[in-house]
Amino acid sequence: MHHRSRDLATIAAGILATAVVSATAKADDIQRPVFERVAVFPVLENTDITTVTAAEIVDVTRNGQTLVYTDSETESIGFVDIGNPASPEAAGIIALDGEPTSVAVLGNRLALAGVNTSVDLINTSGKLTVINIRARQIVAELDLGGQPDAVSISPDGRYAAVAIENERDEDLGDGEPPQAPPGYLVIVDLDGPAANWQTRIVELTGIADLFPEDPEPEYVDINDDNIAVVTLQENNHIVLVDVVTGEVINDFSAGTVDLEQIDILENDLIEPNSNLDGVPREPDGAVWLDNERFATADEGDLFGGSRGITIFDVHGNVEYAAGNSLEHQTIRLGHYPEGRSENKGNEPENVAFARFGFQNYLFAGSERSSVIFVYEVSRRSGEPQLLQTLPAGVAPEGLLPIPRRGLFVAASEADERESKFRSVLNIYARVIAEPAYPTIISEDREDGTPLPWAALSALAATGDDDLVYTAHDSFYVKSRLYSVDVSERPAKITGEIVLTDTLGALAAQNASLVNDDLTVNIDIEGLAARENGGFWVASEGVGTVGDPARPVEALNLLLEVAADGTIESVVTLPDSTNGRQVRFGFEGVTVVEDDGEEELFVAIQREWADDPDNQVRIGRYNVESGEWRFYYYPLDLPESGNGGWVGLSEITAIDDDEFLVVERDNQAGPDAAVKRIYQFSVDDLEPLEDTDVGTTPSFPVVSKTLVRDLMPDLEATNGLVLEKIEGLAVLSNGDVLVVNDNDGVDDSNGETQLLTFEELLDD
């Protein structure tokens with residue numbers, strides 16, 4: 001399906017070059033290697049497209065050829081052949097008698113899966129299911145006595161440790177511990193045939209300060225000295241256990257962090273201007289960096305979110321704390337989850353570590369921002385260096401470095417077909433190249449915080465090929481435009497223009513769209529830059545005429561905006577047209593100027609009342625006369641097996657008569673099919689005024705020509721195909737820019753792809 005490679009030979013050569021460089025050169029003498037996404041494997045390929053799946057934890061055979069992952073939704077362990085990492089292949093599943101919560105691979109032959117068989121959160125039970133990977137058979141089951149949450153195998157292959165969480169019922173009482181039964185750690189002696197393995201219990205009660213009788217161990221990792229680090233998340237505590245003897249050799253509080261310049265309000269606006277003091281770390285995932293240091297993903301839980309990662313030594317001393325840096329990085333990349341601001345922010349979930357050649361890498365996965373932070377870590381104590389931020393599927397949890405093959409894998413568990421995202425395994429290769437992601441970032445404001453952005457819904461060229469403008473849609477309040485420097489990669493958002501209604505033009509039309517401070521809340525879906533430095537902005541209406549479930553709350557509007565963001569005038573459609581309104585309205589605006597006179601062309605996304613099937617309106621507005629006239633544009637038919645619809649998402653003028661539009665379906669991932677740029681002309685066509693409601697207009701129908709099918713371009717990013725291609729701009733040099741709307745990281749992995757097609761219209 002959608003796990004194509006950019007160029008298999010190039011990727012293979014890059015991996016080989018990296019291996020050679022790592023073995024023969026010093027790090028400072030060469031360009032640094034980077035991790036590049038080379039494939040995405042939707043785990044539905046091991047079942048079918050209609051099945052809900054959840055790839056949560058992933059491991060790999062010692063030879064690096066077969067991925068093994070947990071799927072809690074189908075209660076199975078899945079397998080993926082990555083002999084060619086750029087083209088992973090489904091290798092089947094094995095059904096389990098319960099929900100797998102973790103898996104670890106021993107050598108090339110055995111997979112150890114922690115399986116939750118609990119009746120409920122009070123009557124807990126579980127087992128360690130041992131699977132022969134080659135035969136795809138269960139060879140042994142060991143009773144664990146409670147609900148397993150994490151499995152780790154010692155580097156020498158002699159021991160396994162299983163964290164038995166016995167998690168609390170958050171709906172019981174006030175949701176806080178203690179709640180019986182308590183959790184503990186199980187050590188498995190991997191001696192002889194799996195059926196003969198013995199288990200030992202390490203009690204963890206009476207250790208932590210907060211809820212000593214309910215430790216709820218969350219995660220475990222074992223180092224070369226056979227010392228296990230165990231996180232007690234709700235207790236904000238860390239325990240070190242000698243797995244050889246089963247003794248607790250040290251324990252300490254994970255401590256607290258002070259957070260500055262973060263967003264703590266869920267108010268539909270990203271505002272990193274607040275502080276939180278003394279936030280308990282409450283770590284989730286943990287990983288050893290060496291035998292003296294380990295890192296934690298500080299997800300938070302009972303007491304909020306600490307929003308970062310920490311490096312500890314074995315005595316509990318903090319060597320590094322990320323502070324607000326992950327929050328700021330996700331803001332800078334358009335991945336910040338505003339809807340989690342009052343909880344845990346970007347919510348780091350897990351960490352992983354490995355040495356690739358001469359470099360030590362620490363990987364940290366952000367569950368809510370759906371990115372992986374890649375750090376270089378010195379052998380000595382010191383501050384790690386953030387090298388990259390990689391896009392992942394929605395809610396990455398399992399992180400897997402495969403250094404012997406120069407690969408890294410992230411398992412993203414969230415899967416909801418109707419919301420346009422699927423559970424996936426993202427596969428990255430370590431290559432020598434310029435990072436392909438991000439494609440757009442923001443610069444800092446004067447206070448040092450990154451300029452917030454996301455949900456980009458439009459693009460506008462300016463005549464300066466280094467400068468375009470974009471905007472966020474109604475996902476956020478206080479509508480604004482952004483200036484973007486596209487002279488280099490990644491493009492940089494350099495400034496913002498907040499729209500204001502100081503002249504009262506918008507309030508006169510719809511006062512509910514104007515805030516007390518005279519900022520405005522509109523749904524910007526189209527943007528055109530004017531020769532005088534100002535803009536025309538298209539705001540999509542809200543509601544459908546005659547639909548009680550979606551009453552009309554706002555009309556589709558064109559706003560004349562000055563260069564400083566002042567709204568100077570507001571234009572509405574004719575009454576006869578407004579009487580047909582459907583909630584899929586204005587999706588683009590472009591301006592044609594001749595000797596200072598302007599005509600505006602707008603694209604309406606889908607058919608309105610009385611319009612013929614699969615024909616949508618292109619509106620033409622004469623600014624001087626105030627007259628509206630219309631054409632019809634013929635839409636392609638949906639091609640997805642998931643149904644859905646096709647509509648317009650953008651319009652931009654090439655010259656006085658020629659236009660480009662984006663035509664797309666409302667599908668993503670394996671269901672996506674229609675993402676296209678078309679060209680049409682209105683030369684020799686006479687637009688007509690609208691007719692009365694209840695009659696079918698006879699507007700002239702434009703003829704369209706395919707300029708570019710965007711599906712191969714979206715597949716070439718080696719992620720799932722993104723749904724909302726919303727922005728299109730044509731530069732004077734013939735380059736065409738396209739950008740998607742990431743829905744403000746809500747039911748989305750937050751990925752924004754700003755694609756450039758050089759000299760696409762050069763002819």
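The values are calculated or read from the model by the stated rules, or taken from the named source; none is laboratory data. None of the values given here were measured: they were computed from a predicted structure. Methodologically, a virtual Cβ is constructed for each residue, glycine included, from the backbone with ideal geometry; neighbour enumeration extends over all protein chains shown. Quick note on the areas: whole protein, heavy atoms, side chains included, nothing else; ligands and nucleic acids left out. Shrake-Rupley method; radii C 1.70, N 1.55, O 1.52, S 1.80 Å.
Just a few scattered comments:
- Sorting E218, E141 on solvent-accessible area from highest to lowest, probe radius 1.4 Å, gives E141, E218.
- Rounded if a/c under 1.5, otherwise prolate or oblate - region 47-156, Cα gyration tensor axes: oblate
- A simple charge model with +1 on the Cβ of Lys and Arg, -1 on the Cβ of Asp and Glu and nothing else charged puts the dipole of region 55-142 at about 480 debye relative to its Cα centre.
- Gain upon complete extension [D258, A563; 0.36 nm per residue less C-alpha separation]: 105.8 nm
- Using alpha-carbon coordinates, inclination of helix 8-24 to the longest axis of the chain, degrees: 50
- The modelled label-to-label distance between E176 and S487, using points 7 Å beyond Cα along the C-beta direction, is 5.6 nm.
- Taken per residue, the accessible surface of region 549-675 reaches 33 Å², heavy atoms only and a 1.4 Å probe.
- Here the 3J(HN,Hα) profile of region 57-64, calculated from phi with Karplus coefficients 6.51, -1.76 and 1.60 at θ = phi - 60°, is 10, 9, 9, 9, 5, 4, 7, x Hz, Gly and Pro shown as x.
- Top positive-direction residue, dipole computed over the chain with Cβ charges, set G300, A208, T572: A208
- Proximal charge balance of T544 [Cβ under 15 Å; K/R count +1, D/E count -1]: -3
- Within the accessible surface of region 385-438, defined with a 1.4 Å probe on protein heavy atoms only, the carbon and sulfur portion equals 47 percent.
- Only protein atoms count toward the accessible area here, which uses a 1.4 Å probe; on region 604-729, the carbon and sulfur part of that area reaches 41 percent.
- Neighbour net charge for E319 - beta-carbon separation under 9 angstrom, K R +1, D E -1: -1
- Test item: Cα-centred dipole of the chain, Lys/Arg +1 and Asp/Glu -1 on Cβ, debye: 3120
- A prolate overall shape is assigned to region 136-228, the ratio a/c of its alpha-carbon gyration tensor axes (a ≥ b ≥ c) being 1.5 or greater and a/b exceeding b/c.
- The magnitude of the dipole of region 89-227, with charges of +1 and -1 set on the Cβ of Lys/Arg and Asp/Glu and taken from the Cα centre, is near 1040 debye.
- Net lengthening on full extension, E446/D709 (0.36 nm per residue, minus Cα-Cα): 90.6 nm
- At a probe radius of 1.4 angstrom, the accessible area of region 349-458 per residue rounds to 30 square angstrom.
- Length released on extending from D242 to N515, taking residue separation times 0.36 nm less the Cα-Cα span: 92.2 nm
- When peptides 397-405, 442-450 are sorted by average Cβ neighbour count within 10 Å, with the highest value leading, the order is 397-405, 442-450.
- Placing pseudo-labels 7 Å out from each Cα toward the beta carbon at E266 and V139 gives an inter-label distance of 4.7 nm.
- The calculated FRET efficiency for the pair D547 and E593, based on their C-beta separation and a Förster distance of 51 Å, comes to about 0.85.
- A dipole drawn for region 237-322 from +1 and -1 charges on Cβ atoms has a positive end, and of H237, Y320, L289 the residue lying farthest that way is L289.
- Cα-based Lys proximity count in the chain, under 16 Å, for pairs eight or more positions apart or on separate chains: 4
- Region 345-462 shape via C-alpha gyration tensor axes, a/c threshold 1.5: oblate
- Of the residues S487, I522, V468, the one whose Cα sits farthest towards the positive end of the charge dipole of the chain is S487 (charges of +1 on Lys and Arg Cβ, -1 on Asp and Glu Cβ, taken about the Cα centre).
- Peptides 244-253, 426-435 ranked from most to least packed by the mean count of surrounding Cβ atoms within 10 Å: 426-435, 244-253.
- Where labels lie 7 Å past Cα in the beta-carbon direction, separation of E639 and E213 in nm: 6.4
- Peptides ranked, highest mean first, by Cβ atoms within 10 Å: ranges 570-578, 680-688, 452-460: 452-460, 570-578, 680-688
- Residue-count net charge about R404 - beta-carbon cut-off 13 Å; Lys, Arg +1, Asp, Glu -1: +4
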